[in-house]
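Heads up, the thing below is written out as structure tokens.
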Amino acid sequence: MRSAGPEGAAGRTVSRMAAVEPAATPGGDRGSADVAALIPLVRRIVASRVPDPATADDLVQETLTRVLAAAGRVEPGMLEPYAIVTARNVVTSMWRDQDRQRRHQHRVVDLRPSEAPDEGVLAREDRAAVSEALTRLSDRERATLLAHEVAGQDTRSLAAELGSTAGAVAAQLNRTRARLRVEYLLVSERVEPPTERCRPVLLAISSGDRRRQREVDAARHLLECDLCARLSEPLVGRGRSRDDAVRVAVRVDADVVAARQAAREIATRLGFSATDVTLIATAVSEIARNIVRFADSGEVVVTELHEPRTGISFVARDAGPGIPDVDQALQDGYSTYRGLGLGLPGARRLMDEFAVVSETGRGTTVTMTKWRGEA
Amino acid sequence: MNGGPRLFSILRQGPYLIASIHTALDDSQLVRFQQDLVERIGSDRARGVVIDVAALDVLDSFASRTLRDIGEMARLRGAVTVIVGIQPDVAFAMVELGMDTGRVVTALDLEEGLAELDTYAAAPPAPRR
Ligand SMILES: [Zn+2]
């Protein structure tokens, strides 16, 4: 148990626990082994900023959970800088209003102002930030983006107007969106980058262009530059196509079947063996059932992984009561989960990577990954 | 059972019941299957039950437990249960998951399952295999 910082919401008391386990698979697993190797480093960073050992421990666990969840889409050589950045951001965000930040980040993705009436002020602020960011694009970039996103003009007719090809227009639109995200974050934070390397680095991260990230030595810059370290977190992984993720809302029993069938379909398409597909579907069934049993509703997000190799990852999220003792829920054998209906220990055995973060009264997030065997 | 495609069927064959699951079932459908089947065992005074689970996409903790519970309830009503059609991949996942079907006997297919029941009918059921 720890209480939130002085700026936290009304001294909210939370209990946050996480278990991050290196895979026990005999073949060894690079993702979680890499993450396990980062533990001393993460501890050192957090301990140097957070004096209270219990709080530090919580933050270390949260950092590792995030790094593990991202391990599949972070280039192997980037994992250490990513962990450093994440650790620093986790410490910083302890002192921030997390909900507000989360809403901001969400909007960076779809750029649509919220329609909820109680978010009016925020939406106005946000719209202003987007407009300001738009003025920082070139006229041509802005015109093309707006024609596509707002007027709904497709890339083919844009290409005809611009004397270009649809593919080139689509690529240009992606670069423009990446730039807009960077400018939007800079406007929202009301900062100017301190060095001239900042924008190229942020842009390379925002567009998910790994070759460009190496060219500008992004990893090193993130270690040196506080601002970019902070801004890069919402940008990491944004370069991926959104088609890579499938979201299944989970409320009732039938949704459990839908979630495991989505998992089965995607795993099959990714070339997993029939045996692995069944293992994956079974694990998804267990974590989706937990949502139905212990929370009103939640979701399972399925993501295809292509880096460092082919894999499939799942994030099961709910806003339910949370699990009071994650370690116990994970370690206790059959008898406990028969009693409580917790399929977590079983699901963990079926996957290569498995992490649970639960906060009493706030919900539970299960992240799990399976890597395709080398065929 | 009301209008939509049938999720499972329970047919009588001599002193036995043959229960076939036709599609992937969710938890509440599995519970209904269990209730219907246990009821039929009583009303038909069945001495044996074959449950064909070949259509189940997974046998997760809930499905495994439900099958085991059916076996126990059937036993209390004097019937032997044999589960057939567990796919090799599904069986492997069950083992990895740490589940089994308890004292319930398994057989490869319907034919073998019925043969299994005949041996039990000939000799009173042994407590376990
Ligand atoms: Zn910078």
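If I build a Gaussian network model for chain B, linking alpha-carbon pairs within less than 10 angstrom, which residue out of B:F92, B:F62, B:F33 has the largest mean-square fluctuation?
B:F92
Using R₀ = 41 Å, calculate the FRET efficiency as 1/(1 + (r/R₀)^6) where r is the Cβ-Cβ separation of B:S43 and A:R175; round to 0.05.
My answer for the efficiency is 0.05.
Provide A:L305, A:L227 in ascending order of the number of other Cβ atoms located within 10 Å of each residue's Cβ, fewest first.
Ranking A:L305, A:L227 by Cβ neighbours within 10 Å, fewest first, gives A:L227, A:L305.
Once you average over the residues of B:25-33, how many Cβ atoms of partner chains fall within 10 Å of each Cβ?
Neighbouring Cβ atoms belonging to other protein chains average 4 per residue here.
For region A:125-242, what is the Kirkwood hydrodynamic radius in Å, using each pair of distinct C-alpha atoms?
Kirkwood hydrodynamic radius for region A:125-242: 15.0 Å.
Any idea what diffusion coefficient region A:182-241 gets from Stokes-Einstein, in µm²/s, Kirkwood Rh on alpha carbon pairs, 4 °C, 1.567 mPa s?
115
Can you tell me what percent of all Cα-Cα pairs in region A:186-334 are more than 25 Å apart?
49
Please find the FRET efficiency linking A:S48 to B:S28, where r is the Cβ-Cβ separation and R0 is fixed at 45 Å, and quote it to the nearest 0.05.
After rounding to 0.05, the efficiency reads 0.30.
Hey, could you get me the Stokes-Einstein D for region A:251-371, Kirkwood radius over alpha-carbon pairs, 37 °C and 0.692 mPa s, rounded to whole µm² s⁻¹?
231
Which residue fluctuates most in the GNM of chain B (Cα springs below 10 Å): B:G113, B:G71, B:G102?
Among B:G113, B:G71, B:G102, the largest GNM mean-square fluctuation belongs to B:G102.
What's log10 of I(q)/I(0) for region B:1-122 at q = 0.09, 0.13 Å⁻¹, Debye sum over Cα points only, no solvent?
-0.21, -0.45
What distance in nm lies between label points placed 7 Å from Cα along the C-beta direction at A:D154 and B:E111?
With each label point 7 Å from Cα toward Cβ, the separation is 5.5 nm.
Assign unit charges at the C-beta atoms only (+1 for Lys and Arg, -1 for Asp and Glu), then state the dipole size of chain B relative to its Cα centre in Debye, rounded to the nearest 20.
So the magnitude is around 620 debye.
When you look at the Cβ of every residue in A:258-265, what mean number of other chain Cβ atoms sits within 10 Å?
Mean partner-chain Cβ count within 10 Å for A:258-265: 2.
Could you pull out every residue, at least 5 positions away or on a different chain, whose amide H is within less than 5 Å of the one on B:H22? Hs are placed 1.01 Å off N in the peptide plane, and Pro or chain starts have none.
B:F8, B:S9
Find the relative contact order for region A:125-242 and round it to a whole percent, using C-alpha pairs within less than 8 Å whose residues are 6+ positions apart.
The normalised contact order for region A:125-242 reaches 22 percent.
What ranking of A:T268, A:T86 emerges when the number of other C-beta atoms within 10 Å of each C-beta is taken as an exposure proxy, fewest first?
Least crowded to most crowded, the residues run A:T268, A:T86.
Averaged across B:108-114, how many Cβ atoms of other chains sit within 10 Å of each residue's Cβ atom?
Counting Cβ atoms of other protein chains within 10 Å of each residue's Cβ and averaging gives 0.
Hey, fewest Cβ within 10 Å first, where do A:C228, A:C198 land in order?
Ascending number of Cβ neighbours within 10 Å: A:C198, A:C228.
I'd like to know how region B:65-129 sits against the 2.2 N^0.38 Å rule of thumb: what's its Cα Rg over that expected value?
1.13
A short reminder: the numbers here are calculations on the coordinates, not readings from a lab. The structure presented is a predicted model; accordingly, all values stated were derived computationally and were not measured. Positions of Cβ are backbone-derived with ideal geometry, glycine not excepted, and every protein chain shown enters the neighbour counts.
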